[in-house]
1. Where the centroid of each part is defined by its Cα atoms, how far is the range B:58-85 from the range A:50-101 in Å?
2. How do A:71-82, B:174-185 rank on mean C-beta neighbours within 10 Å, highest first?
3. Nearest 100 Å² is fine: what is the total accessible surface buried where chains A and B meet, probe 1.4 Å?
4. Give me the residues in the range A:129-156 whose solvent-accessible area, probe 1.4 Å, is reduced by at least 40 Å² once all protein chains are included instead of the chain isolated.
5. For A:GLN20, which inter-copy label distances result when the label point lies 7 Å beyond Cα on the Cα-to-Cβ vector, reported in nm to one decimal and in ascending order?
6. Once fully extended, how much extra length lies between A:ARG9 and A:ASP24, figured as 0.36 nm per residue of separation less the alpha-carbon to alpha-carbon distance?
7. In nm, what is the difference between 0.36 nm times the number of residues separating B:SER140 and B:SER191 and their Cα-Cα distance?
8. Of B:ASN18, B:ALA43, B:VAL32, which is farthest along the charge dipole of the range B:13-58 in the positive direction, counting Lys and Arg as +1 and Asp and Glu as -1 at C-beta?
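The values are calculated or read from the model by the stated rules, or taken from the named source; none is laboratory data. Quantities reported herein were computed from a predicted structural model and do not represent experimental measurements. Note that we place each Cβ from the backbone using ideal geometry, even for glycine, and neighbour counts take in every protein chain shown. To get the accessible areas, we keep the full protein, side chains included, count just its heavy atoms, and leave off ligands, DNA and RNA. Shrake-Rupley method; radii C 1.70, N 1.55, O 1.52, S 1.80 Å.
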2 protein chains.
Amino acid sequence: MTDVKKPRRRPRSDGQRNRQQLLDVAKAAFTVGEVDIPLDEVARRAGVGIGTLYRHFPNRDALIEAVYRAELDRLAEAAPVLAAQHPPVEALRAWMRLFVDYIAAKQVIAPALNGLVGGTGALYAHSGDVLKAAVNSLVSAAIAAGEFRADIDPLDLLRALAGVSNFSAGPGWEGSAKRLVDILITGSRSSAS
Amino acid sequence: MTDVKKPRRRPRSDGQRNRQQLLDVAKAAFTVGEVDIPLDEVARRAGVGIGTLYRHFPNRDALIEAVYRAELDRLAEAAPVLAAQHPPVEALRAWMRLFVDYIAAKQVIAPALNGLVGGTGALYAHSGDVLKAAVNSLVSAAIAAGEFRADIDPLDLLRALAGVSNFSAGPGWEGSAKRLVDILITGSRSSAS
DNA sequence: GGATATACGGAGCATAACTCCGTTTAACAA
DNA sequence: TTGTTAAACGGAGTTATGCTCCGTATATCC
């Protein structure tokens, strides 16, 4: 019953190359706002056949997810680094701001996030976890240091942050988002009422 | 150049009836989670031809928007009522909780919200305004009463709230969302840090 | 160099969005 | 009530796009 892996052969080099090319093209398109780009077009730009695209990514969501996941992983990786460099609360604040910056710079996350939530939700199952773990560690540290109330749910903060990404249009958006980070931090402090 | 209106005739009754029927069917479908329901199916359930649907709503987004807008308007209307019944901060808290309840009860908003943000964005232009006005009045009152810091942007709170609607799956979600409301309120108080 | 698993490509199918236009009907006036 | 007409209807047909299928090509390994 155990899932046996028998990698009889090393994965083919052309396969990996094409896969990466597809991801690059897709990411580039999403970043420019072409969220609804036809998959045929993605394949064309990547210089591969449509069949190849579908072999690597069984459907549109799978492709978006792959792009999305890579970005989120990088964001999550920043958490431990920040935790090592700053006191708990400031580490959290810095991370949340990074989150905002990240969304502001690459439109990948926000648009990809939408249109997926309504779908299978399978994306969140994983990607959620990796981010969840990141905030979790930061918030736990703040609570352990007595800076945060013990009843703060890290997910709450993540949710609020994700919301901001939905509105990532409009001028002055970034500053607004960073103010929100401060509100959230302040509201979570143990000294607060 | 002024936009002249000459309603030579009263709008036809069957037209209005069909339009309403389409809205009802669509709302019902969305509420049950059938966000991707084919428009032919919507027309069929409403007992009208596909042509009729498209005359009333030029495309899918227009239909979703119409449903969505009606719901948001109702939510916005609650703001003045609550403001009359409670002191400023509590009115805001109550309204934000209503927001959460609303999302929890009817899945209309969350799924419809997604898949539209990535689109034309025209939806937010209006619907945003009506909600914006609602929160604005509540927050302004709280600031005027000296309960909130003067630099609080009502939109920040709205954004955070909208984010929660994205994660409206998973157990214990509602309680979590309400905790977030409290965090936001606490973080906005003038007494805080 | 031969065998074979692995990957490729793109024609073709299915589905769903959206258009077009001939037919029907509600509103109004005489 | 009946005639006129603007308004609305319906659904066949067009187009666009997601996705499948399978014969061909090639990287890997021996």
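1. 34
2. Result, highest mean Cβ count within 10 Å first: B:174-185, A:71-82.
3. Answer for the A-B pair: about 2700 Å² buried.
4. A:ASP156
5. Nearest first, the other copies' label points are 6.2 nm away.
6. Here the answer is 2.8 nm.
7. 16.7 nm is the gain from fully extending B:SER140 to B:SER191.
8. Checked the options; the winner is B:ASN18.
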